[in-house]
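In what follows, a structure is listed as C-alpha cells, so that the remarks can point back to it.
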Amino acid sequence: MSVRRLAEDSVQPVAFAFNEENAAWAEATIRKYPEGRQQSAVIPLLMRAQEQDGWVTRAAIEHVANRLDMPYIRVLEVATFYTQFQLKPVGTRAHIQVCGTTPCMLRGAEDLMKVCQHKIHHDPFALNAEGTLSWEEVECQGACVNAPMVIIFKDAYEDLTPQRLEEIIDAFEAGKGDQIKPGPQIDRHFAAPEGGPVTLLEDVKPVRTNLEPQRDLAETAAATTVPPADAARPKDTAPETNPTLKTPATDKEGARKRAKTAEKQPLSGTAKSKPDPKAAGSVAEGAPPEPGAVSGDLKPKRTRRKTTTEGESS
C-alpha cells in the first residue's frame, strides 16, 4: 500500500470551518452517539468536510479533532488510512475514479484510463490546465457485473465505452454533469440482463382454490367420471372374512365356553397337571432326576479338618 501524505503547505488553507448548514448537520450527527462515544463521528465529519471543500485539508483535520476532543494524530490516522479521503486538491467539477480491478480490466478499464490521460492529464491525481478535472485508478467499486465503470463524486457510471466516457467528461467540464444519468449507460435496469428480462414475462394469476366456494358431496360425486383406482387394494376381490365362520363377535356363547376351558388348563404349557414319576425331568415338577444327575440332597458334604496344637490335622 502506498504511503498517503497530506498536501504541501503551499496549497493548504489557513483555516477551516463548516458552513452554517454543515455545522448544524455535524452537531446533529455527533448527538447520535452515546455520551463518551462522540469520537465515533470522526469519519462522517471528515467526509462532510471533503464534500464542502473538495478534499481534506490539514485545517479540516484539526477542526474535526477539536470538535470531537481528539488528538490530531488520531484524526490524521483515519484520514490517511481510507482512500476515499482525498488529501490533495482534485478537480473542482469532477474527480473521476476508474475501477481497475480484474472484472473491469477484462472489460476495457485500460481504455477508460487512456481516455482520462488524453482528456485530463497523463498522471493520476494531477489537475487539468483549468483545475476542474482530475482522475485516479481505484480498486473494486462493487458493480462487477456492469463493468467497466467509474465513480464521480457519489454516483457510479457503468457499462462504459471509451466514447461514452468522453461524453461524460465533456458534460462535467461544461458544468452539465447533473444531466448525465448515473448507473448503467446501456439498455439495462441496474444489474438486470441487457435488453430487459428474458424470463417470467407472463403475468400469471395465482390460483386461490382455498378461497373458492366448495361443492357439496353430491355435486362432487356427479362430476366424478373416473372411478376410483384399485391400486392400493388386494388383488383378490373375495371378501376378507367368510360370514359363515364363527368368531367371538358372532358366537359369543361358544367364546365364553372356550375361555372357561382355557382357565382350567395348567399355567405352564410344558408341565402336566400330574407329573409322571417314571419320566425324567425337573425335580421341581415332581419327576425323578435324569440318570447320572446328582441332586442337592445327595451331594457329599465337605467337612473342615481341625488342626491340633502339634500341627497335625485330624
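The values are calculated or read from the model by the stated rules, or taken from the named source; none is laboratory data. What you are looking at is a predicted structure, and each value in this text was computed from that prediction instead of being measured. Glycine also receives a Cβ, built like all others from the backbone with ideal geometry; neighbour counts cover every protein chain displayed. Surface areas here come from the heavy atoms of the whole protein model, side chains and all, with no ligands, DNA or RNA. Shrake-Rupley method; radii C 1.70, N 1.55, O 1.52, S 1.80 Å.
Points to keep in mind about this one:
- Nearest-0.05 FRET efficiency for V207 and I43, computed from C-beta distance (R0 51 Å): 0.45
- E130 versus H118: modelled label distance in nm, points set 7 Å from Cα along the beta carbon direction: 1.9
- Across region 189-201, rounded Karplus estimates of 3J(HN,Hα) from the backbone phi angles (6.51 cos²θ - 1.76 cosθ + 1.60, θ = phi - 60°) give 9, 6, 9, 6, x, 5, x, x, x, 10, 10, 6, 7 Hz, Gly and Pro being marked x.
- Inter-label distance, L106 to T29: 3.8 nm, where each label sits 7 Å from its Cα along the C-beta direction.
- Taking Cβ atoms as reference points and 14 Å as the exclusive limit, the residues near Y33 contribute a net charge of +1, counting Lys and Arg as +1 and Asp and Glu as -1.
- Simple label model, 7 Å out from Cα along Cβ direction - A249 to T261, nm: 2.3
- Cα gyration tensor shape of region 56-190, rounded if a/c is under 1.5, else prolate or oblate by comparing a/b with b/c: prolate
- Between amide H atoms placed 1.01 Å from N, distances below 5 Å from W135 occur with I96, F125, A126, all of them 5 or more places distant or on a separate chain.
- Gain on full stretching of the segment that runs from A17 to Q52 - 0.36 nm per residue minus C-alpha separation: 11.6 nm
- Vicinal HN-Hα couplings computed from phi for region 42-58 (Karplus, 6.51 cos²θ - 1.76 cosθ + 1.60; Hz; Gly/Pro x): 5, 5, x, 5, 5, 5, 5, 5, 5, 5, 6, 9, x, 7, 8, 8, 5
- Under the combined filter of DSSP loop state and at most 14 neighbouring Cβ atoms within 10 Å, region 120-193 retains these GluC sites (Glu not before Pro): E130, E139.
- Accessible-area value, V145, 1.4 Å probe, nucleic acids and ligands omitted, Å²: 90
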